[in-house]
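Enquirer: Before anything else, here's the structure in question.
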Amino acid sequence: MSHPYFEYTDVDRAFFEERIDPWLPERIFDAHRHVRLPEHVDESQERFKRGTFPEGIAGPESIEEAREAYAVLFPDREVEMLAFGSPQSNCDCEASNAYVSETFAWNDDARTGVSVPRTEREDEHVRSKGRGGSVGLALSRPDWSVEKLAEELRRPAIIGVKPYERLIPDFQGGDVSIFEFLPHEHLELLHELGAWVTLHLPRKERLADRANIEEIIEIRARYPEVKLVIAHLGRSYAGRYAREGFPPLADDEGLLFDNSAVLNPAVHALALDRFGPERIMWASDQPVFYMRGRRRWEGDRYINLTSGDYEWNTDRQPPEVEATYTLSLYEAIAACLDTILALGFGDDEISAIFHGNARRQIDEVLARKERW
Ligand SMILES: [Zn+2]
């Protein structure tokens, strides 16, 4: 296999065999990953750039490449995904949504995850709606009309949206309200349909920002039918965001989280303790974590120790240390598994976090989609 962003090495194989393979369930569901083709981005348009991690790690990765990578990374596992485009400010959101929809609606029809026998007509219906298997979210622009958003949501295999602050017209960075990129009119429609929202929190203080907490609570109160998933455990990559942000959200049992991009074992532990294993879904945030290396924490900062030749990579270690780096994706999974086990949970909780929770929640939305 040749994949554009990683080569599988003996270090990776050994790490997988020792730290992941004994516990990883047969079926896994990646609840947050990006896919795109080169033509989904208009390179002639200036895009909003950060100049820091994760710049330069990976460009476009197609669904086919994603599947090939899963087959190498997770041998003998059946992997499904909730995928969406890459929300660069210069992306062609419609083309990206169409690509995700068309690929999943037709490729995954044989693996529906539904065991009851169906009539031919039901089968056709399920196929046209993309039920079971992998599904996608639509990238949404905040200036879209409600009609336009409804059209994007009606695409087969699309179960909701991935809004993003960078899709605010002329976004220049800085703190914005969630409602600036996920407007109330959109939320009203999403509530009416019972659609899925994976929410990347704005604001420098992330989940420790009281304004973010208030807005999440407001969304849950006003739009309770929305399947609301807070991405990256609220961007709690360092401990304080989790310590301050998790408690006020702990009692809302309907609020869900994906743990993508979290390598910090203490954050996984706090999430498991505050939210319980039923509200957390494992996710990769690929293609970013094809990056090789480890993460360290200093106060609110995280430091990516990586062997990658990226402009921002200034924390280099001796070559013999860097030679031991495996894929950050594996490090994130090992951190999650180790923590689940260290807290005394077992196979049931692992299987819920790595597959069952996402599958169950997504199937609920797919059942509603039949009337969209
Ligand atoms: Zn992401």
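The values are calculated or read from the model by the stated rules, or taken from the named source; none is laboratory data. Quick caveat: nothing in here was measured; it's all calculated off a predicted structure. Every residue, glycine as well, gets a Cβ built from its backbone with ideal geometry; the counts of neighbours run over all protein chains shown.
Enquirer: For the range 17-48, what are the residues that are among the aliphatic types (A, V, I, L, M), part of a strand (DSSP E or B) and within 16 Å of the ligand (Cβ to nearest atom)?
Expert: Once the filter is applied, which keeps residues that are among the aliphatic types (A, V, I, L, M), part of a strand (DSSP E or B) and within 16 Å of the ligand (Cβ to nearest atom), the range 17-48 yields ALA31, VAL41.
Enquirer: Would you point out the residue of the range 164-180, among those that are in contact (Cβ under 8 Å) with a residue 40 or more places away in the chain and not charged (D, E, K, R), that is nearest to GLU94 (Cα to Cα)?
Expert: Step by step, filter the range 164-180, then rank; the result is LEU167.
Enquirer: Looking at (1) over 22 Å from SER260 (Cβ atoms); (2) surrounded by 15 or more Cβ atoms within 10 Å (Cβ to Cβ), which one does ALA31 not meet, given that it meets all the others?
Expert: The failed condition is (1).
Enquirer: If we scan the range 296-319, do we find a residue that is at pLDDT 95 or above and β-branched (Val, Ile, Thr)? If you could, list the steps in order and put the result at the bottom.
Expert: To start, the set of residues in the range 296-319 that are at pLDDT 95 or above comprises none.
Taking every residue of the range 296-319 in turn, none turns out to be at pLDDT 95 or above and β-branched (Val, Ile, Thr).
Enquirer: In the list VAL100, VAL72, VAL11, which residue meets the criterion of being at pLDDT 95 or above, in a helix (DSSP H, G or I) and either within 16 Å of the ligand (Cβ to nearest atom) or under 25 Å from LEU149 (Cα atoms) (or both)?
Expert: One residue alone meets the criteria, VAL100.
Enquirer: Let me ask you something else. Name every residue in the range 301-316 that is part of a strand (DSSP E or B) and in contact with a Gly (Cβ under 9 Å, 6 or more places away or on another chain), in order of residue number.
Expert: ASN304, LEU305, THR306
Enquirer: Every residue in the range 339-372 that is part of a helix (DSSP H, G or I) and of a type in the set (Phe, Trp, Tyr), please. Outline the logic, then answer.
Expert: Looking only at the range 339-372, we keep the residues that are part of a helix (DSSP H, G or I), and these are 339-342, 347-369.
Of everything in the range 339-372, just one residue is part of a helix (DSSP H, G or I) and of a type in the set (Phe, Trp, Tyr), namely PHE354.
Enquirer: On to the next question. Taking the range 289-311, which residues are out of contact with any Leu (no Cβ under 9 Å at 6 or more places or on another chain), crowded, with 17+ Cβ neighbours inside 10 Å and not polar (S, T, N, Q)?
Expert: The answer is LEU305, GLY308.
Enquirer: Restricting to the range 265-279, count the residues that are more than 25 Å from ILE303 (Cβ to Cβ) and either in contact (Cβ under 8 Å) with a residue 24 or more places away in the chain or within 16 Å of the ligand (Cβ to nearest atom) (or both). Write out each step before concluding.
Expert: Filtering the range 265-279 for residues more than 25 Å from ILE303 (Cβ to Cβ) gives 273-279.
Add one more test, that the residue is either in contact (Cβ under 8 Å) with a residue 24 or more places away in the chain or within 16 Å of the ligand (Cβ to nearest atom) (or both), and what stays is 273-275, 277-279.
Residues meeting the conditions: 6.
Enquirer: Only one of (1) under 18 Å from the mean Cα position of the chain (by Cα); (2) surrounded by 15 or more Cβ atoms within 10 Å (Cβ to Cβ); (3) not aliphatic (A, V, I, L, M) is not met by TRP23, so which one is it?
Expert: (1)
Enquirer: Pick from GLU65, GLU61, GLU80: which is assigned to a helix (DSSP H, G or I) and under 29 Å from GLY356 (Cα atoms)?
Expert: On the way: GLU61 fails: assigned to a helix (DSSP H, G or I); GLU80 fails: assigned to a helix (DSSP H, G or I).
Criteria check complete, one pass: GLU65.
Enquirer: Additional query: Kindly provide the set of residues from the range 313-355 that are closer than 19 Å to ILE230 by Cβ and of a type outside the set (A, V, I, L, M), ordered by number.
Expert: Passing the criteria: CYS336, THR339, PHE354.
Enquirer: Return the residues of the range 46-85 that are more than 24 Å from ILE159 (Cβ to Cβ) and either of a type in the set (Lys, Arg) or under 18 Å from the mean Cα position of the chain (by Cα) (or both); say none if nothing qualifies.
Expert: ARG47, LYS49, ARG50, PHE53, PRO54, GLU55, ILE57, ALA58, GLY59, LEU73
Enquirer: Output the number of the condition that GLU122 fails; it satisfies all remaining conditions of (1) modelled with pLDDT under 95; (2) part of a loop (DSSP other than H, G, I, E, B).
Expert: It fails just one condition, (2).
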